[in-house]
Amino acid sequence: MPGYADNKERVRMRLRRVEGQVRGLQRMVDEDAYCIDVLTQVSAATRALQGVALELLGDHLSHCVQDALASGGPDAQAKVDEATAAIERLVHS
């Protein structure tokens with residue numbers, strides 16, 4: 001079961017909100033909106049997606065990684081490595 005299982009509906013709501021923001025961006029481009037206004041909305045949508053990513057990462061750390069560490073063994077280090085790689089991807093994006 002994924003770490004976000006308890007928050008699945010909240011994650012889905014946030015993603016739907018981002019989807020709406022992206023549709024709004026498409027509309028802005030279709031309507032020839034001012035470049036800076038479009039860029040401002042792109043930034044807002046990016047921050048919203050980053051917020052979803054941070055929530056998912058927190059859930060992963062507090063469930064999947066924590067459970068693996070409690071169990072020990074090679075799976076524990078694999079989960080830590082996996083989380084580290086995910087954090088690196090978030091930082092570099």
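No lab work stands behind these numbers, since they all come straight from the coordinates. Just so it is clear, the structure is predicted and the values come from calculations on it, not from any experiment. Methodologically, a virtual Cβ is constructed for each residue, glycine included, from the backbone with ideal geometry; neighbour enumeration extends over all protein chains shown.
Things worth noting here:
- Where helices (runs of 4 or more DSSP H) fall entirely within the stretch 35-93, those with at least 3 residues that are under 21 Å from MET13 (Cβ atoms) and polar (S, T, N, Q) are at 35-60.
- Taken over the stretch 7-17, the criterion of being surrounded by 16 or more Cβ atoms within 10 Å (Cβ to Cβ) and more than 27 Å from VAL65 (Cα to Cα) is satisfied by no residue.
- Each residue in the stretch 24-51 was checked for being within 25 Å of TYR4 (Cβ to Cβ) and either in contact (Cβ under 8 Å) with a residue 60 or more places away in the chain or not polar (S, T, N, Q) (or both), and 6 pass.
- Pairs meeting the criteria (first residue in the stretch 56-78 and surrounded by 16 or more Cβ atoms within 10 Å (Cβ to Cβ), second residue outside any helix (DSSP H, G or I) and of a type outside the set (Asp, Glu), beta carbons under 7 Å, at least 6 apart or on different chains) are LEU56/TYR4; ASP59/GLY3; ASP59/TYR4; HIS60/GLY3; HIS63/GLY3; CYS64/GLY3.
- The residue that is surrounded by the most Cβ atoms within 10 Å (Cβ to Cβ), counting only those in the stretch 79-93 that are charged (D, E, K, R) and over 12 Å from the mean Cα position of the chain (by Cα), is LYS79.
- Test for TYR4: is it hydroxyl-bearing (Ser, Thr, Tyr) and surrounded by 15 or more Cβ atoms within 10 Å (Cβ to Cβ): yes
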